[in-house]
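Notes to accompany the following structure.
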Amino acid sequence: MTLRDFSPLVSVITPTFNQSRFIGQCLSSVIAQTYPNWEQLILDDASTDDTADVVQRFRDPRIRYHIQPHAGILALAETYNRGLRGTRGELVAILEGDDFWAPDKLAVLVPKFHDPDVVLAYGRTAIVAGTRPSGKTIPDDQFARRFARRALFNHPRGAAALAMLWTGFPFTFPCSVVIRRSALDAIGGFQTASGLGAMDYPTFLRLTLMGRFEYVDRVVAYWRRHPGSGSWSTHQSAMRAAADFARSFMSDHAAELALRSNQVREIERAGQRRLQRAAFNAGRYLLLQRNWRDARDEFVRAVRSPYPPILVGGLVGYVASLLRTDIEGLMGAAGRMSFPSERAAKR
């Protein structure tokens, strides 16, 4: 089969819950794909808003809509696996209901799977704060310089795992990824970890041991961060669960990863710093919710950090909690991405 003839079916799995503000843009971005051979299964986790009404406006026969009993974010991996069982494509793509794609995402990534050694292909993810582009991408240029082609292309096999363990997140973000179904089947489908709602970190770590990745250095998808997203409300507990999973993964695959003792220590220190930063971000989120007391508790955890930016940020946040105000204006002035307010998110 020539590359011109290579057009496998791509199954797009879309979990959603109360994302009626964004689901229309999500679906429109799939319909706009220049690669036409796809199917999309929307798994609605019993939304209580008008998600169903928005979805039913789309008449494309390639889109199916299923409402499931509410399972919650901690059952997200099972929701994804339900989607896996309910689709038939040779390739699998992920697009949550509040994210969206560039029009040529599939056209750019699908041809990479003509090589049978490739198990995952991805591009850059642009971060959207509420409704506005933040100007930030994952991976960013700093990551690419630090970890280079070995990590970006997972070559040799397992090289991407070291970068994921050190950073504590999958630089192959879900909305920017296409995965070979047979590789997912080989690891038992989408993976989960105790206390971790997101399935991407454990799943992509396990896929690093299955074959090569292909990376395209351009934005192919947009990941939306907003106050109603699970990524804010469960951020700190997710970071703890991810750290626990990382330790277990390193232990279980020590021989395959060939990690040196100094690398393990560096990964552990980086994990501790992430937990302290997570406390700071949890405090920021709580300030926006006007939960001043709990915000103070989180900022106290942050000021225990030996890392100066986290320590200083914790002190500023603590004072803000006493003054009953948020610090998003200060974060924006410092060049950091600010959390969108609930009011802004609903405009």
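Can you name the number of the only condition in (1) in contact with a helix residue (DSSP H, G or I) (Cβ under 8 Å, 6 or more places away or on another chain); (2) buried (at least 24 other Cβ atoms within 10 Å of the Cβ); (3) closer than 24 Å to Q236 by Cα that A198 fails?
(2)
In region 201-214, what residues are under 19 Å from H155 (Cβ atoms) and either surrounded by fewer than 22 Cβ atoms within 10 Å (Cβ to Cβ) or not hydroxyl-bearing (S, T, Y) (or both)?
If the condition is that a residue be under 19 Å from H155 (Cβ atoms) and either surrounded by fewer than 22 Cβ atoms within 10 Å (Cβ to Cβ) or not hydroxyl-bearing (S, T, Y) (or both), then F204, L205, R206, L207, L209, M210, G211, R212, F213, E214 are the ones that fit.
Here are the criteria: (1) assigned to a loop (DSSP other than H, G, I, E, B); (2) at pLDDT below 90. Tell me which single one R304 does not satisfy.
The single condition R304 does not satisfy is (2).
Considering region 297-318 alone, what residues qualify as being among the aromatic types (F, W, Y) and crowded, with 16+ Cβ neighbours inside 10 Å? Steps first, please.
Going residue by residue through region 297-318, those that are among the aromatic types (F, W, Y) are 299, 307, 318.
Scanning region 297-318 gives F299, Y318.
Of the residues that make up region 155-177, is at least one at pLDDT 90 or above, among the aliphatic types (A, V, I, L, M) and assigned to a strand (DSSP E or B)?
Yes: region 155-177 contains one or more residues that are at pLDDT 90 or above, among the aliphatic types (A, V, I, L, M) and assigned to a strand (DSSP E or B).
For region 1-99, list the helices (runs of 4 or more DSSP H) that sit wholly inside it and hold at least 2 residues that are in contact (Cβ under 8 Å) with a residue 60 or more places away in the chain and buried (at least 22 other Cβ atoms within 10 Å of the Cβ); which are they?
Details: elements: 20-31, 51-55, 76-85.
Counting at least 2 such residues, we get 20-31, 76-85.
Which residue, of R146, R132, is touching a helix residue (DSSP H, G or I) at 6+ places or on another chain (Cβ under 9 Å), surrounded by fewer than 20 Cβ atoms within 10 Å (Cβ to Cβ), farther than 25 Å from M210 by Cβ and of a type in the set (K, R)? Outline the logic, then answer.
Working: R146 fails: farther than 25 Å from M210 by Cβ.
Just one listed residue meets the conditions, R132.
On the given criteria, is A242 at pLDDT 80 or above, within 14 Å of the chain's Cα centre (by Cα), of a type in the set (A, V, I, L, M, F, W, C) and not assigned by TED's automatic domain parsing to the domain that holds F17?
Numbers: at pLDDT 80 or above: yes; within 14 Å of the chain's Cα centre (by Cα): yes; of a type in the set (A, V, I, L, M, F, W, C): yes; not assigned by TED's automatic domain parsing to the domain that holds F17: yes.
Yes.
Could you tell me how many of the residues in region 108-129 are buried (at least 22 other Cβ atoms within 10 Å of the Cβ) and either on the phi > 0 side of the Ramachandran plot or in contact with a helix residue (DSSP H, G or I) (Cβ under 6 Å, 6 or more places away or on another chain) (or both)?
Total satisfying the criteria: 6.
Testing A93 on (1) closer than 20 Å to C26 by Cα; (2) in contact with a helix residue (DSSP H, G or I) (Cβ under 6 Å, 6 or more places away or on another chain), one condition comes back false. Which one is that?
(2)
On the given criteria, is R206 more than 13 Å from the chain's Cα centre (by Cα), modelled with pLDDT under 90 and in a helix (DSSP H, G or I)?
no
Among the residues of region 116-144, which ones are part of a helix (DSSP H, G or I) and under 16 Å from F169 (Cβ atoms)?
Going residue by residue through region 116-144, those that are part of a helix (DSSP H, G or I) are 141-144.
Hits for region 116-144 are Q142, F143, A144.
For region 2-18, check the following and say yes or no: at least one residue is within 23 Å of A198 (Cβ to Cβ), touching a Leu at 6+ places or on another chain (Cβ under 8 Å) and not β-branched (V, I, T). Spell out how you get there, then give the answer.
Going through region 2-18, the residues within 23 Å of A198 (Cβ to Cβ) turn out to be 10-18.
Filter once more, keeping what is touching a Leu at 6+ places or on another chain (Cβ under 8 Å): 10-16.
So of that shortlist, the ones also not β-branched (V, I, T) come out as 11, 15.
There is at least one residue in region 2-18 that is within 23 Å of A198 (Cβ to Cβ), touching a Leu at 6+ places or on another chain (Cβ under 8 Å) and not β-branched (V, I, T).
The values are calculated or read from the model by the stated rules, or taken from the named source; none is laboratory data. Note that this is a predicted model, so its numbers are computed, not measured. Don't worry about glycine lacking a Cβ; one is built from the backbone with ideal geometry, like all the others, and counts go over all protein chains shown.
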